[in-house]
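J.: After the structure tokens below, expect a handful of questions from me.
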There are 2 protein chains.
Amino acid sequence: MNPNPTPAGLQLRSLVKPDGQLEISLATVPTPEPAHDEVVVRIEATPINPSDFNFMFGAADLSTIKRSGTDANPVITAQIPQRAMKALAGRVGQSMPVGNEGAGVVIAAGESERALMGKTVAVLGGAMYAQYRCVKATECLVLPDDATPAEGASCFVNPLTALGMVETMRREGHKALVHTAAASNLGQMLNRICIKDGIALVNIVRKPEQAALLRSLGAAYVCDSSSPTFVEDLTDALAATGATLAFDATGGGKLAGQILTCMEAALNRNAKEYNRYGSTTHKQVYLYGSLDTTPTEFTRAFGMAWGMGGWLVFPYLQRLGPHAAQALRQRVVAELKTTFASGYSKEISLVEALRPEEIAVYAQRATSTKYLINPSKG
Amino acid sequence: MNPNPTPAGLQLRSLVKPDGQLEISLATVPTPEPAHDEVVVRIEATPINPSDFNFMFGAADLSTIKRSGTDANPVITAQIPQRAMKALAGRVGQSMPVGNEGAGVVIAAGESERALMGKTVAVLGGAMYAQYRCVKATECLVLPDDATPAEGASCFVNPLTALGMVETMRREGHKALVHTAAASNLGQMLNRICIKDGIALVNIVRKPEQAALLRSLGAAYVCDSSSPTFVEDLTDALAATGATLAFDATGGGKLAGQILTCMEAALNRNAKEYNRYGSTTHKQVYLYGSLDTTPTEFTRAFGMAWGMGGWLVFPYLQRLGPHAAQALRQRVVAELKTTFASGYSKEISLVEALRPEEIAVYAQRATSTKYLINPSKG
């Protein structure tokens, strides 16, 4: 038992009502006393990842956002289009906490975990958009003594996703990688991993300035989808690297199919004889995000040896098994301030996260508008 | 050595010219003397499968078909749309033989293979739209004494495809199957296999009369995509069978995505709690044909545990290994006249195969218009 009871704290909640209204609010929730194997973490840094944003706003039409409540206790409402409600049926009427990952300082600990008191830890526990979180000690990743919560806030989702992609490449027998939305925080991280590990990476971006940024960060292959020579550029890069595996963050539109088509063209450049069913080399694109929410569309112009599919990092790590997953986590801690460093454009409080003018910025889910929430900020 | 030299014979050829003109003609080709491990087969029955048709006509616009040449030696020409030429680049200028599979009688044999003389055999050897084929004896499947070439003509493509689908289901851990274009010869065969082996099969067809046909053949689950209740019917059938694997012959359009969406809905019927990433059960659709040549399009409304991909029977059998593949071939011979019986609407000669009025029929690639070529027919 701790001498002082742990304080109650604010927690961000997202509620989808049966009539399609989304409501985001701040609830004051008690903080449980930690059990013997638990700790209470005062959360000081938690990022707004695209997956958090999507969950928090439940596909609501952002042009319908309204703010009500008080300055200290604001409420955001917005309307969810009818067509999106089917996919949300399972959460209607449940006020849900938000925030996959974050970091902070241990302020209370169960009797087996006293050694963690005062340590800065990162947590992948859900409900991180909160001032306090009571979690199992085993869910905490203890950060190096000189690391701040802000430096450890994005320890899990992006680093493990990037490492999981490289691991997938190795285990599924590919020798190089393609990544879309490659100028993102995640993309820059993957670029650093691939440079460090000597893996050829084809970076796809959609603006010249993103291409320039990646080149300045040492990327050898960068293809800009807004360029009139995109298809040729991509095919050249695929032929040079031999990449037959792509991870696509956009999900919708024609990009995934274009990548498969260019992979096939690259493979056929060296083909000795005509094969009516196309190249026999398997080409794979995993859709791990949905930045483009339009339908996915492709012309089947890439033979028969191809696959497309969903990919999520945590189920993937589960399939890898605890030892392999633990090795990846240890690498993240060891290279926290280099390979796995994340950047944010602004730090905001929970109350500020509910300001329409801030939402308008972080809703862009762009590299240059990535926000960090500090729930302990006044 | 055989006492009489083997005769020359007609062979159907398909040529894509650089200017996009398709030319189908009959060449007279010499028949090689069989080497010690080879036999010469007089081909008497060879089906026009969709894959043969697609290869023979090279995506040509069938409304541009013209016939020239003579009655005995006709030539068919047609124009290939410019957009389709890229995929055909590898075969431009090469006069290519056609016909995946067929059956006939051994009329000459190398010294090690004399025992095959006079036997009726099925062959998967390519170039089967020909009067004579010299092949390795190991490529021949000896048919039962009471089987005709017509009965053995379709021993490989459809039977092994249907068996390969069931094998894929077992090895990838699914417990039931979905099949589209299910009233096809292949679909009826798969229906017979599944009834015999006690496997739940969800048959998707696009007309009420096809649904009635399959029901009359004992199919328990038949969903008609032209019905206004198709989505509900399919979801019900998927919930009843637990099918999470589909083989789609159409390839294009929205059907593959609809199947995944209905699988997800069926899985979520029994879900205990909301999972923001959807069901964690893997759902898979293999596109093994392209009856619908329009782009494939889907809305990603089926969680993240899904896959779509190309599937081809012979590369699949190669991955299975020779023993497993041989076991499937033996089952085909054992059940040739029952489970694996094929039906044809008409038997035509090679010359008749080049008549525009016959092409107009077999180009429909429908169950009721399936043709058998008898190259030995006068």
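The values are calculated or read from the model by the stated rules, or taken from the named source; none is laboratory data. Computed from a prediction, not measured in an experiment: that's the story for all the values here. Using ideal geometry, Cβ is built from the backbone for each residue, glycine included, and neighbour counts are taken over all protein chains shown.
J.: Six or more apart or on different chains, Cβ atoms under 7 Å: show the pairs whose first residue is in the stretch A:127-141 and without any contact (Cβ under 8 Å) to a residue 40 or more places away in the chain and whose second is in a strand (DSSP E or B).
T.: Close Cβ pairs satisfying both conditions: A:Glu139/A:Val123; A:Glu139/A:Leu124.
J.: Something else: Considering only residues that are touching a Lys or Arg at 6+ places or on another chain (Cβ under 9 Å) and touching a residue at least 24 places away in the same chain (Cβ under 8 Å), which ones fall in the stretch B:360-378?
T.: Those that are touching a Lys or Arg at 6+ places or on another chain (Cβ under 9 Å) and touching a residue at least 24 places away in the same chain (Cβ under 8 Å): B:Tyr362, B:Thr369, B:Lys370, B:Tyr371, B:Leu372, B:Pro375, B:Ser376.
J.: Right, next: Go over the candidates B:Tyr288, B:Tyr221 one by one and state the one that is more than 9 Å from every other protein chain (Cβ to nearest Cβ) and either touching a residue at least 60 places away in the same chain (Cβ under 8 Å) or more than 25 Å from A:Val92 (Cα to Cα) (or both).
T.: The match here is B:Tyr221.
J.: Confirm whether B:Val105 is closer than 28 Å to A:Gly278 by Cα, surrounded by 16 or more Cβ atoms within 10 Å (Cβ to Cβ), away from every other protein chain (no Cβ under 14 Å) and over 18 Å from the mean Cα position of the chain (by Cα).
T.: In short, no.
J.: If I ask for residues that are out of contact with any strand residue (DSSP E or B) (no Cβ under 6 Å at 6 or more places or on another chain) and either closer than 19 Å to B:Lys86 by Cα or modelled with pLDDT under 95 (or both), which ones from the stretch A:232-254 would you list?
T.: Residues satisfying the conditions are A:Glu232, A:Thr235, A:Asp236, A:Leu238, A:Ala239.
J.: Within the stretch B:51-75, work out how many residues are among the charged types (D, E, K, R) and assigned to a helix (DSSP H, G or I).
T.: 1
J.: In this structure, is A:Ala45 within 14 Å of another protein chain (Cβ to nearest Cβ), in contact with a helix residue (DSSP H, G or I) (Cβ under 7 Å, 6 or more places away or on another chain) and of a type outside the set (Ser, Thr, Tyr)?
T.: Taking the combined requirement at face value, the residue does not satisfy it.
J.: Restricting attention to the stretch B:336-359, which residues are closer than 20 Å to B:Ser184 by Cβ, of a type outside the set (Phe, Trp, Tyr) and touching a residue at least 40 places away in the same chain (Cβ under 8 Å)?
T.: Across the stretch B:336-359, the qualifying residues are B:Leu336, B:Lys337, B:Thr338, B:Thr339, B:Ala341, B:Ser342, B:Gly343, B:Glu347, B:Ile359.
J.: Test A:Thr31 against the criterion of being touching a Cys at 6+ places or on another chain (Cβ under 7 Å), touching a residue at least 24 places away in the same chain (Cβ under 8 Å) and not in a strand (DSSP E or B), and give yes or no.
T.: yes
J.: Oh, and also: Can you name the number of the only condition in (1) farther than 25 Å from A:Arg300 by Cα; (2) at pLDDT below 95 that B:Ala219 fails?
T.: (2)
J.: Hey, another quick one. Can you find, within the stretch A:266-282, the residue that is modelled with the highest pLDDT among those that are at the interface with another protein chain (Cβ under 9 Å from one of its Cβ atoms) and under 20 Å from B:Ser290 (Cα atoms)?
T.: Taking the candidates together, the pick is A:His282.
J.: Among the residues in the stretch A:76-99, are any within 11 Å of chain B (Cβ to nearest Cβ) and assigned to a strand (DSSP E or B)?
T.: Taking every residue of the stretch A:76-99 in turn, at least one turns out to be within 11 Å of chain B (Cβ to nearest Cβ) and assigned to a strand (DSSP E or B).
J.: Return the residues of the stretch B:124-153 that are closer than 24 Å to B:Val351 by Cα, assigned to a loop (DSSP other than H, G, I, E, B) and at pLDDT 95 or above; say none if nothing qualifies.
T.: Once the filter is applied, which keeps residues that are closer than 24 Å to B:Val351 by Cα, assigned to a loop (DSSP other than H, G, I, E, B) and at pLDDT 95 or above, the stretch B:124-153 yields B:Ala127, B:Met128, B:Tyr129, B:Gln131, B:Thr148, B:Ala153.
J.: Go through the stretch B:165-189 and give me each residue that's modelled with pLDDT of 95 or more, buried (at least 24 other Cβ atoms within 10 Å of the Cβ) and assigned to a helix (DSSP H, G or I).
T.: B:Met165, B:Gly187 - these are the residues of the stretch B:165-189 that are modelled with pLDDT of 95 or more, buried (at least 24 other Cβ atoms within 10 Å of the Cβ) and assigned to a helix (DSSP H, G or I).
J.: Here is a further query. If you go through the stretch B:242-265 one residue at a time, how many are within 12 Å of chain A (Cβ to nearest Cβ) and either small (Gly, Ala, Ser) or closer than 18 Å to B:Pro50 by Cβ (or both)?
T.: Here the count works out to 8.
J.: Let me ask something else about it. Exactly one condition in (1) surrounded by 17 or more Cβ atoms within 10 Å (Cβ to Cβ); (2) touching a strand residue (DSSP E or B) at 6+ places or on another chain (Cβ under 7 Å); (3) modelled with pLDDT of 95 or more; (4) aliphatic (A, V, I, L, M) is not met by A:Val157; state its number.
T.: Only one criterion is unmet by A:Val157, namely (3).
J.: Return the residue satisfying two criteria in turn: it lies in the stretch A:297-350 and is within 14 Å of chain B (Cβ to nearest Cβ), in a helix (DSSP H, G or I) and touching a helix residue (DSSP H, G or I) at 6+ places or on another chain (Cβ under 6 Å), and of such residues it is nearest to A:Thr161 (Cα to Cα).
T.: A:Val313
J.: A:Phe57: out of contact with any Asp or Glu (no Cβ under 6 Å at 6 or more places or on another chain), surrounded by fewer than 20 Cβ atoms within 10 Å (Cβ to Cβ) and within 25 Å of A:Gly343 (Cα to Cα), yes or no?
T.: Criteria not met by A:Phe57.
J.: Across the stretch B:342-378, what is the number of residues that are more than 20 Å from B:Ala59 (Cβ to Cβ), under 14 Å from the mean Cα position of the chain (by Cα) and of a type in the set (D, E, K, R)?
T.: Counting residues in the stretch B:342-378 that are more than 20 Å from B:Ala59 (Cβ to Cβ), under 14 Å from the mean Cα position of the chain (by Cα) and of a type in the set (D, E, K, R) gives 1.
J.: Kindly indicate which of A:Ile76, A:Ile48 is at pLDDT 95 or above, in contact with a Lys or Arg (Cβ under 8 Å, 6 or more places away or on another chain) and more than 14 Å from A:Gln21 (Cα to Cα).
T.: A:Ile48
J.: In the set B:Ser63, B:Ser68, which member is free of Cβ contacts under 8 Å to residues at least 12 places away in the same chain, touching a strand residue (DSSP E or B) at 6+ places or on another chain (Cβ under 8 Å) and either within 30 Å of B:Leu141 (Cα to Cα) or of a type outside the set (Asp, Glu) (or both)?
T.: B:Ser68
J.: Taking the stretch B:70-94, which residues are surrounded by 14 or more Cβ atoms within 10 Å (Cβ to Cβ) and of a type in the set (Gly, Ala, Ser)?
T.: Across the stretch B:70-94, the qualifying residues are B:Ala78, B:Ala84, B:Ala87, B:Gly90.
J.: In the stretch B:275-283, is there at least one residue being closer than 24 Å to A:Met96 by Cα, without any contact (Cβ under 8 Å) to a residue 12 or more places away in the chain, part of a loop (DSSP other than H, G, I, E, B) and over 30 Å from the mean Cα position of the chain (by Cα)?
T.: yes
J.: Filter the stretch B:190-205 down to the residues that are in contact with a Ser or Thr (Cβ under 9 Å, 6 or more places away or on another chain) and either at pLDDT below 95 or crowded, with 23+ Cβ neighbours inside 10 Å (or both) and list them by number.
T.: Scanning the stretch B:190-205 gives B:Leu190, B:Leu201, B:Val202, B:Asn203, B:Ile204, B:Val205.
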